[in-house]
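These notes are about the structure you will find just below.
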Amino acid sequence: MEICIITSDDVIAPFLRIDGQSGSEITGPAFSPDGSRLYFSSRRGTRGSSAGGITYEVTGSFRF
């Protein structure tokens, strides 16, 4: 339940972590066209079933 980044120095580091959803996995990470938002989903959320899925939005200044 982590999304990691790779820096320009080839360092791999955690960017975000979702706690409390051990029965799930992160799916579909995607950026908005202007690079200001990151979207991703927790497939099963806190319920542990597909009915409990959650989509998140993270805002920031992302570099590509």
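Computed from the coordinates by the stated procedures, all read-outs in this text should not be read as laboratory data. Quick caveat: nothing in here was measured; it's all calculated off a predicted structure. For neighbour counting, all protein chains shown are included, and Cβ atoms are generated from backbone atoms with ideal geometry for every residue, glycine included.
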Worksheet entry | Whichever residue in the range 2-38 is of a type in the set (A, V, I, L, M) and not in a strand (DSSP E or B) and, among such residues, is surrounded by the fewest Cβ atoms within 10 Å (Cβ to Cβ) | Val11
Response to the item:
Phe64: passes all of (1) surrounded by 10 or more Cβ atoms within 10 Å (Cβ to Cβ); (2) in contact (Cβ under 8 Å) with a residue 24 or more places away in the chain but (1)
Worksheet item: What single numbered condition from (1) assigned to a strand (DSSP E or B); (2) among the hydroxyl-bearing types (Ser, Thr, Tyr); (3) over 14 Å from the mean Cα position of the chain (by Cα) fails to hold for Thr46?
Response: (1)
Worksheet item: Hey, among the residues in the range 18-41 that are more than 18 Å from Ile5 (Cα to Cα) and among the hydroxyl-bearing types (Ser, Thr, Tyr), which one's nearest to the chain's Cα centre (by Cα)?
Response: Ser24
